[in-house]
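S.K.: The following block contains the structure, expressed as structure tokens.
The values are calculated or read from the model by the stated rules, or taken from the named source; none is laboratory data. The structure presented is a predicted model; accordingly, all values stated were derived computationally and were not measured. Here the Cβ positions follow ideal geometry from the backbone for every residue, glycine too, while neighbour counts run over all protein chains shown.
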Amino acid sequence: MFEFKTADILGEDAEALVNPVNCVGVMGRGLALQFKRAFPENFDAYVKACTHKQVQPGRMFVFETGQLTSPRYIINFPTKRHWREQSRMEDVEVGLKDLQRVIRTKSIRSIAIPPLGCGLGGLDWKDMRPRIEAALCGFSELRVVLFPPDGSPESVQMVKRGTSPASTPDTDVPDLFSIPDPCKMPSALD
């Protein structure tokens, strides 16, 4: 099941939150910086993993929060090889296949996903959205919450460790985000 929200992804009640990252251990801008502030232990583990070349395009770096409540997992999704570079569609597509593996192996039931590779990465949401939906439509018991790039709160409003989110109220997503059911379309990953 797919949902669309324009609120703060860090405040979403989901078992897993997806954090778009680069492969060199820098979370200096955008949503990754907000994850760094909200989950400093994840950042420390991510930097160590980057040092050991464990964060690579197409391979998720999964951090278990140790929390009994949401989120249980931060899924660091490499959308850029280096923070100075743009995202590559092929890296995100391969990453979506590995994300499928992580969802299966961890038995994840709910996941919040930002517009992967869009924003600072330079990819277009119109191209990315159908790929994300096609990759995840086969998980009938999975609740997927997508956060389109428009309507995100300013970084000063986003969750910091130990604070409540100052989220934009949930609203209906405008028709410009509508596309046909991705589970009935040919997969962009085939």
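S.K.: Which of the numbered conditions does Leu120 fail, given that it passes all the others? Conditions: (1) at pLDDT below 95; (2) crowded, with 22+ Cβ neighbours inside 10 Å; (3) more than 13 Å from the chain's Cα centre (by Cα).
M.R.: Going through the list (1) at pLDDT below 95; (2) crowded, with 22+ Cβ neighbours inside 10 Å; (3) more than 13 Å from the chain's Cα centre (by Cα), Leu120 breaks only (2).
S.K.: OK, next. Does Arg59 qualify as being surrounded by fewer than 23 Cβ atoms within 10 Å (Cβ to Cβ), closer than 18 Å to Val145 by Cβ, within 15 Å of the chain's Cα centre (by Cα) and among the charged types (D, E, K, R)?
M.R.: no
S.K.: Are any of the residues in the stretch 84-96 free of Cβ contacts under 8 Å to residues at least 60 places away in the same chain, basic (Lys, Arg) and within 14 Å of Pro20 (Cβ to Cβ)?
M.R.: There is at least one residue in the stretch 84-96 that is free of Cβ contacts under 8 Å to residues at least 60 places away in the same chain, basic (Lys, Arg) and within 14 Å of Pro20 (Cβ to Cβ).
S.K.: Go over the candidates Thr6, Thr65 one by one and state the one that is within 23 Å of Leu142 (Cα to Cα), surrounded by 15 or more Cβ atoms within 10 Å (Cβ to Cβ) and touching a residue at least 40 places away in the same chain (Cβ under 8 Å).
M.R.: The conditions single out Thr6.
S.K.: Name, by its number, the condition in (1) assigned to a helix (DSSP H, G or I); (2) surrounded by fewer than 16 Cβ atoms within 10 Å (Cβ to Cβ) that does not hold for Asp13.
M.R.: Tallying (1) assigned to a helix (DSSP H, G or I); (2) surrounded by fewer than 16 Cβ atoms within 10 Å (Cβ to Cβ), Asp13 fails exactly one: (1).
S.K.: Can you tell me how many residues in the stretch 83-97 are exposed (fewer than 14 other Cβ atoms within 10 Å of the Cβ) and modelled with pLDDT of 95 or more?
M.R.: Number satisfying all stated conditions: 2.
S.K.: I've got another one for you. Considering the stretch 16-71 alone, what residues qualify as being closer than 21 Å to Arg104 by Cα, aliphatic (A, V, I, L, M) and touching a Leu at 6+ places or on another chain (Cβ under 9 Å)?
M.R.: Residues satisfying the conditions are Leu17, Val18, Met60.
Quick grid of which residues meet (1) assigned to a helix (DSSP H, G or I); (2) touching a Lys or Arg at 6+ places or on another chain (Cβ under 6 Å); (3) farther than 16 Å from Glu3 by Cα; (4) of a type outside the set (A, V, I, L, M):
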| site | (1), (2), (3), (4) |
| --- | --- |
| Gly66 | no, no, yes, yes |
| Ser70 | no, no, yes, yes |
| Phe77 | no, no, yes, yes |
| His82 | no, no, yes, yes |
| Asp91 | yes, no, yes, yes |
| Gly95 | yes, no, yes, yes |
| Arg104 | yes, no, yes, yes |
| Asp127 | yes, no, yes, yes |
| Arg131 | yes, no, no, yes |
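S.K.: One residue is enough: does the stretch 50-61 have a residue meeting the conditions under 23 Å from Arg101 (Cα atoms) and among the aliphatic types (A, V, I, L, M)? Outline the logic, then answer.
M.R.: Taking the stretch 50-61 and keeping what is under 23 Å from Arg101 (Cα atoms), we get 50, 52-61.
Retained after the next criterion (residues that are among the aliphatic types (A, V, I, L, M)): 55, 60.
Among the residues of the stretch 50-61, at least one is under 23 Å from Arg101 (Cα atoms) and among the aliphatic types (A, V, I, L, M), which makes the answer yes.
S.K.: While we're on this one: For the stretch 49-56, check the following and say yes or no: at least one residue is surrounded by 16 or more Cβ atoms within 10 Å (Cβ to Cβ), modelled with pLDDT of 95 or more and of a type in the set (S, T, N, Q).
M.R.: The answer is yes, given that some residue of the stretch 49-56 is surrounded by 16 or more Cβ atoms within 10 Å (Cβ to Cβ), modelled with pLDDT of 95 or more and of a type in the set (S, T, N, Q).
S.K.: Turning to a different aspect of this structure: Collect the residues in the stretch 35-63 that are of a type in the set (S, T, N, Q) and in a helix (DSSP H, G or I), keeping them in residue-number order. Step through it out loud before you land on a result.
M.R.: Quick first cut of the stretch 35-63, residues of a type in the set (S, T, N, Q) only: 42, 51, 54, 56.
Correct list: Asn42, Thr51.
S.K.: In the set Glu141, Glu154, which member is at pLDDT 90 or above and of a type in the set (Asp, Glu)?
M.R.: From the options Glu141, Glu154, the qualifying one is Glu141.
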